[in-house]
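Here's the structure, in structure tokens; my notes come after.
All of the numbers you see were taken from the coordinates with simple rules; none came from a lab. Remember, it's a predicted structure, so these values are computed and weren't measured experimentally. Cβ atoms come from the backbone with ideal geometry, glycine included; neighbour counts cover every protein chain shown.
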Amino acid sequence: MSLGSSVVLLAARQVSGDVVPARAQMATTLGFHIILASLGIALPSVVLLAEFIGLRRHDETAMLLARRWSQGMGVLLAVGAVTGTVLSFEMGLLWPGLMRRYGAVLGLPFGVEGVFFFLEAIFAGIYLWGWRRLPGWAHFWSGVPIALSGILGAMSVIAVNSWMNQPGGFTQRGGTITSVNPWQVYFNHAALYQMPHMILAAYMVTGFVVAGVYAAGVLRGRRDRYHYAGFALGFVPAAILTPFQIFVGDTAARAIAHDQPVKFASMEYVPRTSRHVAEWLGGVYANGRVYAGLKIPDMDSLLVGFAPGTKVTGWDSVAPADRPPAVWLLHLCFDVMVGLGFLLLLAGLWAAWAWWRRRRLPRHRLFWLAGAVSGVAAIVAMECGWVVTEVGRQPWVVYRLQTTAQAATTNGGVLTSLTLIIVMYAVIGTATILILRMLARRWRAGAGLETAVPYGPPPALPGERASQVEP
Amino acid sequence: MMADVVGGILLAGIALYAVLGGADFGGGLWDLLAGTTRRGLAPRAFIDETITPVWEANHVWLVFDLVIFWTAFPHAFTAVMNALALPLWLAVAGVVLRGSGFAFRKEMTRLDLQRVTGAVFAFSSLLTPFFMGTVIGAIATGAVRGDASHASLSAWTNPTALLAGLLFVAACGYLAAVYLTSEAARHGQRQLQEYFTRRAQAAAIVAGLLSLAALATLHNANPALFAHLTGRALALMILAGACGLAVLALLTSGRIKGIRVIAALGVTAVVWGWGVAQYPVLLPGTPVTLTNAGAPNATYGALVVVFVAAVLLIGPSFVLLFTLQHRRLLQADHGDAEGPSAPG
């Protein structure tokens, strides 16, 4: 959460005036929410997968995992719902210029999202609290709408973000929107690659986070069927999706080279429009040259047009004021995202190879270490990708139509709300993690899933005292 | 014409948020006022059990209303967001603290942590509707200028706006107490039924008095709106008053059947009365109306389509949720304690 905010604070330093705290606040709240949103989109599918296996194969381990994950999902969905509401308000409170001008256009996908938000919340109420009284398969099916509306809701939100990158589907005269084509707004050009990229990211984050929890358990010596099952239910889907994600990401990068050439030039360190452009791995751009980077000649041209002579547009194609701030940030974030994507791919290939040769997961400690950090790696990769998308669009909020400075609030006091929100989110983020850990401890102690009543007497927990000393 | 339809949709959304989300806030209010740990145990447990499966869905109405507001009437939306930034920020903070406090408390096993998270939930349940009320009060008194670009403290601290804030809190408490009374009666919980009956009666009286006080101050603050409220919206105002009196009478005579619907109808009548009185002006005292607030016709059309789809998809889903909830089929999971009890 604080990664996004500090990164954007750094990046925003070059932008003047009131817009900086507004951007920092949006970055903090969105960078926090994007993790919860990803879990909200994909966790229901992982839980349903466990429940499906539990019902189909009468597998009590899978069923127990599904029930326990449900309880964690209840907390995560609640925090995700309220932090999402903050963003709705911030659209108006931080970016009145954007909403006044383009609210009638970009509001439409949000309206569609509202419908799926409703379905998600309604069926979450049924699924999460229906474990005891609803019969097996009926309960399973009550969860399916949550998973579906998670995907469709995400598509709608990404429709708005991609529209900001490739605005279209409307006409305006003298600053007033005169007509709108909702279909073209929703399925704008960037939506075609942003939607699959973000939804796959959500599934990878969720799968690897779940896998990471149980890999950490295995590393601590909890080598039982329960932990291996918990790991596999998260890891297998995420690892299967990873190659598809790399393909989608590669396609998206090529599309951006065409749609937003300046963003692409910043991602890849292309100062001047030219042919035979080199690819830089890592490195910091300053004073007109790249320090400490690995240069691969012609590679960038090759990636963009499959030929070393392909012309790549540089950032010299626009005036300095129209370029994103801090190209080094964009480039390094892009490289970290791609690098982590390939490392996650390697982890998946390792597991696939072990399964192919010996029909079991790898025994090597390094594999389980990789598994344990895969969740954090997936989150970092997603946050980096999001920084590339957002900072790369600067100085525009609506690409080539409205600058972020024009959109920002003219009210003072954003620094105050920023400070308060950082404190509030730090507390809520910490509390969420502590509660999930506490749940896990309680499960290990073999106690019930739930305390009976608020303010009720705490149930006796045999393992509580011991596990508090050594969590 | 289409703008009027969308205005109606927005008003319906606000009424639904008031009736459903308001009751959730009220639940938090009664949790706050339930007294010491031991004394408040039974009502708190009952409130918690009643709200748990439904609060997130009820809360979505807020987001839905915001989206309709900014999409269909962006100029009015941004004026409100600019002028009333402070109470809106406070309401947002309340929404966050309330939801997370409620969700966190469920998972706490230590009494002191339950108290902290519970207090966060309960206090923010009180503050959130208050600040939302001041926002509506500020709009109704004409304190939001059409081209507002800066926050204004005086806009939402005039007597009518502050009274509207208090009225919102009282109305939330009233709805919650009525719902909880009838829920307790359904499940034969005699003591809780009496407990919430007393609170529903008190809240009804307080809400009624606050409505009259707000109306009286509105007479000075916005004479035009007052004239319309007592003119073309008079029938709705009378309906609202009659519903309140009917609920009070039914509660006193111990007849519970139907009070939930009558109470909700009363609050809905107030919301629609406000809308009818203000029509077609969005921001009283400004030229901003339903038709000139910054959206083209195609946007209205698309929103109507979204709304129809929403009614078709969400309506039956809500009926399912509330039906399962009434039959008490949605409850906390005690699975592990009972051993392997995997359904199916």
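Miscellaneous remarks
- The protein assembly as shown - Cys residues lacking any other Cys C-beta under 4.7 Å: B:CYS172, B:CYS243
- Charged neighbours of A:LYS311, selected by a Cβ distance under 12 Å, balance to +1 (K, R count +1; D, E count -1).
- Shape call, the protein assembly as shown: gyration tensor on alpha carbons, a/c limit 1.5: oblate
- If the chain linking A:ARG222 and A:ARG400 were pulled fully straight, counting 0.36 nm for each residue of separation and taking away their Cα-Cα distance, it would gain 58.6 nm.
- Overall form of region A:261-419 per C-alpha gyration tensor (a/c, 1.5; a/b vs b/c): oblate
- Three-way shape label, region A:143-282, alpha-carbon gyration tensor, a/c 1.5: oblate
- Taking a straight line from the alpha carbon of A:LYS295, these lysines sit under 21 Å away, with near neighbours fewer than eight places off in the same chain left out: A:LYS263, A:LYS311.
- Residue-wise HN-Hα coupling along region A:94-104, computed from phi with Karplus coefficients 6.51, -1.76, 1.60 (Hz; x: Gly, Pro): 9, 10, x, x, 5, 6, 4, 7, 10, x, 5
- Angle in degrees between helix A:327-358 and the longest Cα principal axis of chain A, rounded to the nearest 10: 40 degrees
- Cα centroid of region A:204-223 to Cα centroid of region B:22-52, whole Å: 38 Å
- Footprinting exposure proxy for B:LYS106, A:LYS263 (fewest neighbouring C-beta atoms within 10 Å first): B:LYS106, A:LYS263
- Seen against the Cα atoms of chain B and their longest principal axis, helix B:111-140 is set at about 20 degrees.
- Reported to the nearest whole Å, the Cα centre-to-centre distance from region A:362-408 to region B:214-289 is 49.
- Distance between region B:187-206 and region B:89-107 - C-alpha centres, whole angstrom: 26 Å
- Net +/- balance of residues flanking B:LEU113 in space, Cβ distance below 11 Å, scoring K and R +1, D and E -1: +1
- Helical contribution to [θ] at 222 nm, DSSP H n ≥ 4, -39,500 (n - 2.57), averaged over chain A, rounded to 500: -24500 deg cm²/dmol
- Antiparallel %, DSSP beta bridges [both residues in the protein assembly as shown], to 5: 100 percent
- Nearest 10 degrees, 0 to 90: helix B:55-72 Cα axis against chain B principal axis: 10 degrees
- Each Lys or Arg adds one and each Asp or Glu subtracts one; over the other residues with Cβ under 15 Å from the Cβ of A:PRO261, this totals +3.
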